[in-house]
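A short worksheet on the structure shown next.
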Amino acid sequence: MADVLTQRALNRATLARQLLLTREPRPILDTIEHLIGLQAQAPQPPYYGLWSRIDGFTPDQLSTLITNRDAVRIALMRGTIHLVSARDCLQLRPLFQTSLDRWLTTAFGRQLPGVDLDAVTTHGRTLVETTPLTFDELGKQLAPHWPDATPQALAQVIRGRVPLVQVPPRGLWGAAGAARHTSAETWLGQPLDPAPSIDQLVLRYLNAFGPATVKDIQTWSGLTRLREVTTRLAPHLRAFRGEDGAELYDLPEAPRPDPDTPAPCRLVAEFDNLVLSHADRTRVMTDADRKRFFTVNGIFPGVLLLDGRCAGTWRITREREAITLAFTPYRKLTAAEIDDVTAEGHRLLDFATSAPAPEAATAASPPFRQLRFEALR
């Protein structure tokens, strides 16, 4: 009979894997690889994600990795943009080709009537490897050759079938830039891994997000039929049961802290994998809070964690005269919690104003900073 993990025990284990129980000095690239990347639909969230986990992290450290091509922005898990190490880019991208093929057919198949996808792919790869292009520029250059297809769909063929990385200045702190793309092979000067391991990917997921169900792993990755993998790996894994009876897999020696381990206030980045990488999010938020958090517009705000669980959201707004950090609590906070949130908020403001953010790159740093608590609408 497998041991039962309470929700609190599951919460603390996940926070430990996500490096959110203690903030310590850590090598930046090692942290990115441990987390199997950070979601990066927008330029800034990876910076805040690393700030929440690494003591002494500064924006220039990540910008340097991107400029030096040690880290890249590329579509991977669930077809979304992630910031990953160059090594992980080459190893992981082939594992997601089948899901990207499925996405391309579902989303754009009807806009590509009779189109030879191999021919589009070959020509599009040549274009982006000659000069990094935005999707709009790419579609316009492809359209004359395939007039029956929409330019948007033609550009997305390249997104789905060529491992495209976004090149700087996109993704740099303090620098604005459109998302221009070239192939990973051209940018990194190396081929993709010819024999990537799905088993290794699942083990790495458990190391960073476990304990977890098969459905959790599939939700994070966007891949299917992963029960075959966990069955194959079962002799090397430890099995648990959740309070709901769900079967959980984990690495035998992975950290599972005492459920009473203190969890400090943390401000988790927008789009952070902590809240997007499990089918069952109750390890970090209630179902009621999940409905508040997962909005219809697909924008996932920063998360306020108290005692390891979602207690609200945060957002930063910038104007010429000020930078404002606003909290929207999901419940009434105690006086002690307000003190903790305020202290962590000021640390975040210190970080946010340590260098101009991309949208403020041409202006001086805001002279005035403010923090406020807003009522839940």
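Bear in mind that the values in this text are calculations on the coordinates, not laboratory data. From a predicted model like this one, the values you see are computed outputs, not experimental measurements. Cβ: placed from backbone, ideal geometry, glycine included. Neighbour counts: every protein chain shown.
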- Rounded to whole angstrom, the alpha-carbon centroid of segment 152-204 lies from that of segment 1-59 at a distance of 23
- Note on the structure: Here segment 307-321 yields Karplus 3J(HN,Hα) values (6.51, -1.76, 1.60; θ = phi - 60°; whole Hz; Gly and Pro given as x) of 6, x, 10, 5, 10, x, 10, 9, 8, 10, 10, 10, 10, 4, 9
- Item | Sum of side-chain charges, THR67 neighbourhood, beta-carbon under 13 Å (Lys, Arg +1; Asp, Glu -1) | +1
- Sum of side-chain charges, PRO168 neighbourhood, beta-carbon under 11 Å (Lys, Arg +1; Asp, Glu -1): +4
- Message: Give the lysines whose C-alpha is closer than 21 Å to that of LYS332, dropping any in the same chain fewer than 8 places away, or say none.
- Response: LYS291
- Between ALA71 and residues 5 or more places away or on another chain, which pairs have amide H atoms under 5 Å apart, with H built 1.01 Å from N, and which residues are they? ILE66, ALA86
- Item | Backbone HN-Hα couplings from phi across segment 131-142 [Karplus 6.51/-1.76/1.60, Hz, Gly and Pro as x] | 8, x, 10, 6, 5, 5, 5, 5, x, 5, 6, 7
- Per-residue HN-Hα couplings for segment 250-261, Karplus 6.51 cos²θ - 1.76 cosθ + 1.60 at θ = phi - 60°, whole Hz, x for Gly and Pro? 7, 6, x, 9, 5, x, 9, x, 4, x, 8, 4
- Query: Considering amide H positions built from the backbone, and no H for Pro or chain starts, which residues 5 or more places from HIS82, or on another chain, come under 5 Å of its amide H?
  - Reply: ALA40, ILE74, ALA75, LEU76
- Percentage, to the nearest whole number, of Cα pairs in the chain over 27 Å apart: 52
- Kindly put VAL72, VAL4, VAL303 in sequence by how many other C-beta atoms sit within 10 Å of each C-beta, fewest to most. VAL4, VAL303, VAL72
- Message: At a 10 Å Cβ-Cβ cut-off, how would you order LEU305, LEU21, LEU203, fewest neighbours first?
- Response: LEU203, LEU21, LEU305
- Item | Amide H within-cut-off set for ARG241, under 5 Å, with H built and near neighbours excluded | ASP3, VAL4, LEU5, LEU248
- Compute the projected area of the convex hull of the Cα atoms of segment 145-238, averaged over all viewing directions, and report it in nm² to one decimal place. 9.7
- Message: Less than 10 Å Cβ to Cβ from HIS34, Lys/Arg counted +1 and Asp/Glu -1: what total charge do the surrounding residues give?
- Response: +2
- Query: How many times 2.2 N^0.38 Å is the alpha carbon radius of gyration of segment 1-127?
  - Reply: 1.35
- Message: Tell me the relative contact order for the chain as a rounded percent, counting alpha carbon contacts under 8 Å between residues six or more apart.
- Response: 19
- Hydrodynamic calc, segment 76-178: Kirkwood Rh from Cα pairs, then Stokes-Einstein at 25 °C with viscosity 0.890 mPa s, so D in µm² s⁻¹ is 170
- Message: Helix-only mean residue ellipticity at 222 nm, the chain, DSSP H runs n ≥ 4 weighted -39,500 (n - 2.57), per residue, nearest 500. What is it?
- Response: -11000 deg cm²/dmol
- Query: In what order do THR282, THR334 fall by count of nearby beta-carbon atoms within 10 Å, going from fewest to most?
  - Reply: THR334, THR282
